[in-house]
Amino acid sequence: MASSRGRANAALAEKADVLCLKLKQRQIVGSYAAAKGTVDLLKQLVSSTKVGSAQELLEEVRAVGVKVQEARPIELVIGNVVRRVLHIIREEMDQTEEAAGLFERESTAADSSAPAREGGLSRALSKSTTGQRWSRSFSLHNLLDQQDFDNDAARAVGPAKAAAKADGGPEAGRVGKRAQQHMDAFGRGKGEAGEERAVEDFAAQRQAVLEGIADLIDELKDIDASIAANAPEHIHANEVVLTFGYSRTVLKFLKRAKEKRDFQVVVAEGLPSSSGLRMAAELDKLQIRTTIIADSMCYAMMARANKVIISAHALLADGGVMASVGTSILAAAARRHNVPVVVLAGIYKLSPNFPHEPGVTFNEFGDPSEILSFSDEAVVAAERAAPSNEEKPMLQVHNPLFDYIPPERISLFVTDHGHGFMPSYVYRQLSEFYAKQDYSLSKSLEAALSLPSSR
């Protein structure tokens, strides 16, 4: 048993090392590829690890996630995916505790003629009040929801077990089956079946976690299509849309809008990569009227635009975003002209980090030759003019890859979950998809994130 566990751990460690090496060597480029590689690794970990409890599984997923994030700190989506998986595991752990409490209340209720009355607030705060599963986060709606006491008392006795079996939709059905499995397990008694019950219960938890990870993988596959489905609601007839550089997400968004609307697009070239040229060519193939401009013309052209649509590298906890370099000036010009800025981002890019935290405000630098060729006369002249004992070169060329756009310059986020929300609503999205105790994965990771990054 120990040898098989050791072999499984060695195989997983090797796969994690391979992923980390690819990230460090930039063989995996882009948020989607980094997130996909991470979630695939975590799926293999959950399915093959030999741990014996959900808590051990939680710690192992966290340890592997921290290792992968340290290999590529700038890709915040790695930590986001890890937090999503940790949240799935915690939900299953909570479900187990809920089922245990439900069984205990059912047993004690049989010996009591009337249950003790609870206030509405106490009932709302208790996850185990009924057989139904509370939503991932509390709000005033479910916190202060006053339910009839007699119905609560009835559900706390016999009908709770029947309610757990009810199949009320995909999510409710899954929860009902899980609750019934837990209740059946707890009902076997604490004697001879105690250890067997724990093993069976963890096996059910592992399966539920794998189902949640499979849903996450499907979500990643359909990210752009889900975002694009909202396009007709945000782009109207005869509008002028201004965008920056090339973005696959923005391209699919505009393509979907073209199916129902006639509009035109102005594309900033997006120096130094000039990816806007590619964007303009793709839009032309879609029969969308397109005008390409220099980045320096954005302010002058903004008066003609109806809205700005861009994508983001990361969506931060304060409602700001990390996006391609040059977009911050674009957003500033849009605010000056009162033009709404719409940011397209998959929810997997939502990070609980703030821009003032270590590792978030630092920038990654690209190849300086994209700005100034090494064979350029200015470079050659600077090398000749530099004193031989001078350690620092006379001419320095920096090529930062990202800009930070503060929340006050953003009008709306459009994600793959629902329609859109304002930057002030980000805190609700964080509580919906992550557990607060997982916001910071580890102190060692924070130290790694605080190191400067260069290329």
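Region 6-50: which trypsin sites (Lys or Arg not before Pro) are DSSP loop and have at most 16 other beta-carbon atoms within 10 angstrom? Loop-located and lightly packed - Arg26, Lys50. Using C-alpha pairs under 8 Å with a sequence gap of at least 6, the mean separation divided by the residue count of region 1-86 gives a relative contact order of 36 percent.
Each residue of region 373-379 was assigned a 3J(HN,Hα) from its phi angle through the Karplus expression (A = 6.51, B = -1.76, C = 1.60, θ = phi - 60°), giving 5, 5, 8, 5, 4, 5, 5 Hz with x at Gly and Pro. If you take the alpha carbon atoms of region 267-338 and fit the smallest convex hull around them, that volume is 99 Å³ per residue. Here the Karplus curve 6.51 cos²θ - 1.76 cosθ + 1.60, taken at θ = phi - 60°, turns the phi angles of region 35-49 into couplings of 5, 5, x, 5, 5, 5, 5, 5, 5, 5, 4, 5, 6, 10, 5 Hz, with x standing for Gly and Pro. Under 5 Å between amide hydrogens, built in the peptide plane, is the criterion, and for Thr291 it picks out Val265, Val266, Val267 among residues at least 5 positions away or on other chains. Rounded to the nearest Hz, the phi-derived 3J(HN,Hα) couplings of region 213-220 under the Karplus curve 6.51 cos²θ - 1.76 cosθ + 1.60 (θ = phi - 60°) are 5, 4, 5, 5, 5, 4, 4, 5, where x marks glycine and proline. Residues whose amide H falls under 5 Å from that of Phe244, counting only those 5 or more places apart or on a different chain, are Ala268, with hydrogens built in the peptide plane. Under 5 Å between amide hydrogens, built in the peptide plane, is the criterion, and for Leu401 it picks out Glu364, Gly366 among residues at least 5 positions away or on other chains. Placing unit charges on the Cβ atoms only, positive for Lys and Arg and negative for Asp and Glu, gives region 202-268 a dipole magnitude near 240 debye about its Cα centre. The loop-placed GluC sites (Glu not before Pro) in region 238-334, going by DSSP, that have at most 14 neighbouring Cβ atoms within 10 Å of their Cβ come out as Glu259.
Using the heavy atoms of the protein chains alone and a 1.4 angstrom probe, what is the accessible area of region 206-267 per residue in square angstrom?
Details: 2490 Å² over 62 residues.
Per residue, region 206-267 has an accessible area of 40 Å².
What the Cβ-Cβ distance of Gln27 and Asp222 gives, at R0 = 35 Å and to the nearest 0.05, is a FRET efficiency of 0.90. Pairs from the table (Lys24/Lys436; Lys252/Lys307; Lys307/Lys436; Lys36/Lys260; Lys285/Lys349; Lys221/Lys255) lying more than 27 angstrom apart at Cα are Lys24/Lys436; Lys307/Lys436; Lys36/Lys260; Lys285/Lys349.
The values are calculated or read from the model by the stated rules, or taken from the named source; none is laboratory data. This is a predicted model, so every value here is computed, not measured. Note: ideal-geometry Cβ built from the backbone for every residue, glycine included; neighbour counts use all protein chains shown. Just so you know, the surface numbers come from the protein's heavy atoms only, side chains and all, with ligands and any DNA or RNA stripped out. Shrake-Rupley method; radii C 1.70, N 1.55, O 1.52, S 1.80 Å.
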